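**Student:** Before anything else, here's the structure in question.
The values are calculated or read from the model by the stated rules, or taken from the named source; none is laboratory data. Every value quoted in this text rests on a predicted model; they were computed, and no experiment measured them. Here the Cβ is made from the backbone with ideal geometry for all residues, glycine too, and neighbour counts use every protein chain on show.
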Amino acid sequence: MRALKKLIALAVVGVAVSATLAQAADRKAAAEQVSFGIDAAKAGLWREATYRWERAVELDPSYAAAFNNLAIAYEQAGQFEKAKQAYQKAAELDPKNTYIKQNIDLFKEVNDRANRQNAR
Amino acid sequence: MRTARTLASVALALAASGCLTFIEVPVETPIRPKIDASPFSRVYVAGFLPSGSEDVDTNLETVRLLRSQLKNKSGLRIIEADVLPLADSARPAPGDGATAAPAGAAQADAGKLATIAEAELPPYEKIFENKDYWKKVGEEFGSPLIVTGSVVFVPHQRSGYVQKEQEVYDSFGRRSVVPVRTYMDRKGYILRPKFVFIDGRTGETLYTETFREEILYNAEQSTPALSSYFELMDRLLPSFLSTLSSQTIRGSRFLLK
């Protein structure tokens, strides 16, 4: 009986470790996409950057930086609703990040202006 | 089990925070125009109902200013026809409040018109709803996009405390500037233009927008009304132009790793 318990405990730990390793691998792959996206954005290739960051959030849906960058790319494309959702997700995942907060504040100004424009 | 989970989350947190760097990038956010002006190749800034101060011919000045701005900053060709004496055309008939027949560009030289009192403006503004009138104006000029509206420009006076900078010298003769609050009589102007965009093919109003700007000067300062008018118009021109053409807001954002 005790041996069975040990076996179960070992199996659980094994599953947890392999899940963590898988998560870490996803984060690594996502980080590569994020990094590539940043290079593309710096070169002004925002479509490519958007694609990379979309891939990054697919690979790791807990990656706040990827959502932040994706939000910026959507903003740059004038897709305000998508940008808003991505910023919200980034803030949810990393609520204390001052860069995300600052980006959101700047986005709100632009978004308010666009909304005023559409409402008139 | 608990230990493994804690370790995993700590490792993930460290991984996440350890390599968190930022890159500031310039962004250009496009804002779409308020109306779709693509069916039009030409624009006719027809004329405005002038209201308030008689020191500035707001009908003529607004037409001239908007035509020159649209010429430089929109893709539309400007129809350089005479300015419509809109106040005459829009004068309500006694009793029923209906608008008169179209005046047409031919009547534009009918002399300087008196301005309309602000309170009396609403019945005049009914002309903007008169589709037949605007359709006829449109037919005269080849169905362009028509820009019209009303311009209220009134003197304004307000006294109160304002903050200004004052030079002070300490006992060593060193100069410094400190903010002081001082009571001041101020006068200036309020500008309240209403821009109406009309489809010259149908006479229908496509879009209407009203702005309000005010400016106040020290009461002792003598500023010509025309200068105040241009200063106030200058503030709202970007918004006016964004009705017809898309704008780009430049800024910067932080990309994160």
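**Student:** I'm checking my understanding of the structure. Among residues of segment B:167-222 that are touching a Leu at 6+ places or on another chain (Cβ under 9 Å) and among the aromatic types (F, W, Y), which one is surrounded by the fewest Cβ atoms within 10 Å (Cβ to Cβ)?
**Tutor:** Here the residue is B:F211.
**Student:** Suppose we filter segment A:27-47 for residues that are closer than 23 Å to A:L106 by Cα and more than 7 Å from every other protein chain (Cβ to nearest Cβ); how many remain?
**Tutor:** So the count comes out to 8.
**Student:** Then there is this: Among the candidates B:L244, B:L256, single out the residue that is at pLDDT 95 or above, of a type outside the set (D, E) and within 28 Å of B:P30 (Cβ to Cβ).
**Tutor:** B:L256
**Student:** Please state which one of A:Q117, A:Q102 is at pLDDT 95 or above, within 10 Å of chain B (Cβ to nearest Cβ) and within 30 Å of B:P238 (Cβ to Cβ).
**Tutor:** Criteria check complete, one pass: A:Q102.
**Student:** Scan (1) more than 17 Å from the chain's Cα centre (by Cα); (2) more than 14 Å from chain A (Cβ to nearest Cβ) for the single condition B:R192 breaks and write down its number.
**Tutor:** Of (1) more than 17 Å from the chain's Cα centre (by Cα); (2) more than 14 Å from chain A (Cβ to nearest Cβ), only one is false for B:R192: (1).
**Student:** Of the conditions (1) at pLDDT 95 or above; (2) more than 15 Å from B:F197 (Cβ to Cβ), B:P92 clears all except one; give me its number.
**Tutor:** Result: B:P92 fails condition (1) only.
**Student:** Kindly indicate the residue of segment B:214-257 that is of a type in the set (D, E) and under 15 Å from B:T58 (Cα atoms) and also nearest to the chain's Cα centre (by Cα) among those meeting that condition.
**Tutor:** B:D234
**Student:** Would segment A:53-65 turn up any residue that is facing another protein chain (nearest Cβ under 8 Å), under 23 Å from B:T21 (Cα atoms) and at pLDDT below 95?
**Tutor:** no
**Student:** Now for a separate question. Within segment A:66-99, take every residue that is of a type in the set (D, E, K, R) and facing chain B (nearest Cβ under 9 Å) and give me the one that is nearest to A:W46 (Cα to Cα).
**Tutor:** Applying the filter and picking the extreme gives A:E75.
**Student:** Also: Just one of (1) more than 9 Å from chain B (Cβ to nearest Cβ); (2) modelled with pLDDT under 95 trips up A:A24, so point out which.
**Tutor:** (1)
**Student:** Based on this model, can you work out whether B:G188 counts as under 20 Å from B:L66 (Cβ atoms), at pLDDT below 95 and not acidic (D, E)?
**Tutor:** Against the criterion (under 20 Å from B:L66 (Cβ atoms), at pLDDT below 95 and not acidic (D, E)), B:G188 does not qualify.
**Student:** With the condition kept exactly as written, say whether any residue in segment B:59-69 is crowded, with 19+ Cβ neighbours inside 10 Å, modelled with pLDDT under 60 and either under 30 Å from B:S246 (Cα atoms) or touching a helix residue (DSSP H, G or I) at 6+ places or on another chain (Cβ under 7 Å) (or both).
**Tutor:** No, segment B:59-69 contains no residue that is crowded, with 19+ Cβ neighbours inside 10 Å, modelled with pLDDT under 60 and either under 30 Å from B:S246 (Cα atoms) or touching a helix residue (DSSP H, G or I) at 6+ places or on another chain (Cβ under 7 Å) (or both).
**Student:** Still on this structure, I have one more. Are any residues in segment B:212-246 closer than 26 Å to B:F153 by Cβ and at the interface with chain A (Cβ under 10 Å from one of its Cβ atoms), and if so, which ones?
**Tutor:** B:S239, B:S242, B:T243
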